[in-house]
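Working notes, beginning with the structure itself.
Please treat every number below as a calculation from the coordinates, not as lab data. Computed from a predicted structure; not experimentally measured. Every residue, glycine among them, receives a Cβ derived from its backbone with ideal geometry; neighbour counts consider all protein chains shown.
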Amino acid sequence: IQYQLKGLEPETAYQVDIFAENNIGSSNPTFSHELMTLSKSQAPADLGGGKMLLIAILGSAGM
């Protein structure tokens, strides 16, 4: 599974919490990470327009 966070502001701190959710309910966050986006001048040119994105790759066995 991949997920992209779009429209993040440059030089801004974000906290990302990852949890599971199904028809029974939601889990507690299994992963929490604080990140800081780059300034516009440091953003890779191939992302276009200086926008930052985060790609999270998640895997689960036995689901």
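Cβ under 13 Å from Leu35's Cβ, Leu35 left aside: what net charge do those residues give with Lys, Arg +1 and Asp, Glu -1?
-4
Of the listed peptides 16-22, 32-38, what is their order by residue-averaged count of other C-beta atoms within 10 Å, with the highest listed first?
Top of the packing list down: 32-38, 16-22.
What nm value, rounded to one decimal, do you get for the distance between Gln15 and Gln2 when each label is placed 7 Å out toward the C-beta?
It works out to 2.8 nm between the two label points.
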